[in-house]
Amino acid sequence: MDMHTVVVGTSGTTAEDVVAVARHGARVELSSAAVDALAASRLIVDALAAKPEPVYGVSTGFGALASRHISTELRAQLQRNIVRSHAAGMGPRVEREVVRALMFLRLKTVASGHTGVRPEVAQTMADVLNAGITPVVHEYGSLGCSGDLAPLSHCALTLMGEGDAEGPDRTVRPAGELLAAHGIAPVELREKEGLALLNGTDGMLGMLVMALADLRNLYTSADITAALSLEALLGTDKVLAPELHAIRPHPGQGVSADNMLRVLAGSGLTGHHQDDAPRVQDAYSVRCAPQVNGAGRDTLDYAAVVAGRELASSVDNPVVLPDGRVESNGNFHGAPVAYVLDFLAIVAADLGSICERRTDRLLDKNRSHGLPPFLAHDAGVDSGLMIAQYTQAALVSEMKRLAVPASADSIPSSAMQEDHVSMGWSAARKLRTAVDNLARIVAVELYAATRAVEIRAAEGLTPAPASQAAVAALRAAGAEGPGPDRFLAPDLAAADTFVREGRLVAAVEPVTGPLA
């Protein structure tokens, strides 16, 4: 476990801290300012709880049941009941990193001092994270409005010592046993606290933050594979000239063109071969790679802006304001996050599509400018990469289905009180699948392009130094080069790991310098 410590204050958190806690086991610590803010807001809630007038979330029911005033002796039971009843998720377990992000981001809002939760509840949240205890959260149960209710409820249930959770040894046990084993006392929820632990966009936001980190790597990797494919197809790098992209100044486009140009620097395969080939221009999938990759990069940048705003937010209902008011609001609605999750699924699908088109071109002897059919060793006896492209095409087709927006849908709930919901959790779940698929798609293009580059090199042409570095690193990672047919799935799996772990980018950067 990484011993890096993330300090949670009153003003939100960063994407880097989310990834550190969710993926790398960073410890979590409350700042003294956060503890003071928690205590101050709790005094306000306690004062309101003592008054005879009903206050939503403090002394009333919830949602469509908000009209009932709850007597003092039933309020602790009310808070326990909302957690138990809302922990109604079904389906497969959600990944550990998602649950850790969910818990950490809920703690981020609690620490803002706008929720009325006691300091000891926040400290227990931090203790559970630091102990490596991960609540069992299920795939289905959130509509992305009033927060990720069921997922967050399963987390709150663990704080109460109920339900199931996974220990640091990855064994699922009753949560009460795990808390006791780590010396953590279960919390006894008081007014407002059960509701405050459930009302947030934390699950969808956590998945957005992690998807952005993964997609940054994949977009740079796709710039590299596009350059390798251009090189293997004897394309021209003239289309990457900075002056061409300066006259259409989309930022991402210029970045992708520059990445590709640096990967191709010193290549003996580009440029002069254009004069000997019966083509005036390269195909769109080759020539327009910076435009497509770049548009996706710009979409990532916009999504990062939205994520940054949400990371700085206190998402709860009602909220405790500095002047002592406790006011209801709609800040828990997931629309801003849901939209960008869907935007990212769209651009990921398009990136996967253009990668597949280049792979297909590399394998087609009628369009590959002299490469053997399917990059086979002995075409006819060997099938080469024919079915690798089938696999890639199946992944692309799935990506297109995943690009259908979840946020365009809404289904009413809570007796029509919650009559327009964001479906942001669903958008996040399908984006995770899309990101996984995109890594595989980029890996197949990489595998095909490196094989094609090696075939060109065997013919006496000299690949770019960065290309040679990519080929050497991929081969060292276990994905073999040209030769007779062999069991291909292990090679593709090795290429997939190589791409998703960022090793392709790391392999070429000593030659190109840092790529964006």
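The values are calculated or read from the model by the stated rules, or taken from the named source; none is laboratory data. Since this is a predicted model, take the numbers as computed values, not measurements. In this analysis, Cβ positions are derived from the backbone assuming ideal geometry, glycine residues included, and neighbour counts consider all displayed protein chains. Please note that ligands, DNA and RNA were not included when accessible areas were found on the heavy atoms of the full protein model with its side chains. Shrake-Rupley method; radii C 1.70, N 1.55, O 1.52, S 1.80 Å.
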What accessible area, in Å² to the nearest ten, does a 1.4 Å probe give for THR497?
50 Å²
Where only C-alpha atoms are counted, convex hull volume of segment 401-459 per residue in Å³:
64 Å³
Around ALA406, what is the net charge, scoring Lys/Arg as +1 and Asp/Glu as -1 over all other residues with Cβ under 10 Å from its Cβ?
0
Rule-of-thumb Rg ratio for segment 387-435 [Cα; 2.2 N^0.38 Å; N residues]:
1.57
Semi-axes (Å, rounded, descending) of the ellipsoid equivalent to segment 133-231 per its C-alpha gyration tensor are 37, 18, 10
Write out the trypsin sites (Lys or Arg not before Pro) in segment 339-434 meeting two conditions: DSSP loop, and at most 13 other Cβ atoms within 10 Å of their Cβ.
ARG367
Got the relative contact order for the chain handy, in percent, Cα pairs under 8 Å and 6 or more residues apart?
16 percent
Relative to the compact globular guide of 2.2 N^0.38 Å, what is the alpha carbon radius of gyration of segment 75-141, as a ratio?
1.19
Residue-averaged 222 nm ellipticity for the chain, from DSSP H runs of 4+ at -39500 (n - 2.57), nearest 500
-18000 deg cm²/dmol
With point charges of +1 on the Cβ of Lys and Arg and -1 on the Cβ of Asp and Glu, referenced to the Cα centre of segment 1-121, which listed residue (LEU102, ALA88, VAL8) lies farthest in the positive direction of the dipole?
ALA88
Pairwise centroid distance, computed over Cα atoms, of segment 12-65 with segment 369-383, Å
63 Å
Surface share of carbon and sulfur [accessible, 1.4 angstrom probe, percent] for the chain
57 percent
Taking the reciprocal of mean 1/r across every pair of different Cα atoms in segment 380-516, the Kirkwood radius in Å is 17.5 Å
Set of lysines with alpha-carbon distance to LYS400 below 25 Å, sequence-local pairs under 8 removed
LYS430
State which helices in the chain qualify, where a helix is a whole DSSP H run, it must extend 30 Å or more along its own axis by its Cα atoms, and its mean Kyte-Doolittle hydropathy must be at least -1.0.
202-232, 289-311, 335-363, 424-458
Within segment 28-78, report the trypsin sites (Lys or Arg not before Pro) that DSSP leaves as loop and that have at most 16 other Cβ atoms within 10 Å.
ARG68
Under 26 Å Cα to Cα from LYS365, which lysines show up? Leave out anything in the same chain fewer than 8 places away.
LYS238
Based only on the alpha carbon positions, what is the Kirkwood hydrodynamic radius of segment 86-125, in angstrom?
11.6 Å
Electrostatic dipole magnitude of the chain [Cβ: Lys, Arg +1; Asp, Glu -1; Cα centre; debye, to 20]
300 debye
Expressed in square angstrom to the nearest 10, the accessible area of THR10 with a 1.4 Å probe stands at 60 Å²
Residue span ALA40 to GLU139: 0.36 nm per residue of separation minus Cα-Cα distance leaves a gain in nm of 32.0 nm
All other residues with a Cβ under 14 Å from the Cβ of ALA479 taken together, and with Lys, Arg as +1 and Asp, Glu as -1, what is their net charge?
0
What do you get when you divide the Cα radius of gyration of segment 346-398 by 2.2 N^0.38 Å, with N the number of residues?
1.21
By average Cβ neighbour count within 10 Å, what is the ranking of 90-97, 171-178, 460-467 from highest down?
460-467, 171-178, 90-97
How many angstrom separate the Cα center of segment 99-156 from the Cα center of segment 165-219?
5 Å
What Kirkwood radius, in Å to one decimal, follows from the Cα pairs of segment 150-309?
19.9 Å
On a straight-distance basis, which lysines could pair with LYS51 in a cross-link, Cα separation under 26 angstrom, same-chain partners fewer than 8 positions away excluded?
LYS192
At 0.36 nm per residue, minus the direct Cα-Cα distance, what do THR391 and ASP436 gain on full extension? Give it in nm, one decimal, please.
14.8 nm
Mind ranking 155-162, 222-229 by how tightly packed they are, going by the mean number of other C-beta atoms within 10 angstrom, highest first?
222-229, 155-162
Accessible area per residue in Å² at 1.4 Å probe, computed on the chain
39 Å²
Alpha-carbon Debye profile of segment 433-486, log10 I(q)/I(0) at 0.14, 0.25, 0.27 Å⁻¹
-0.41, -1.02, -1.11
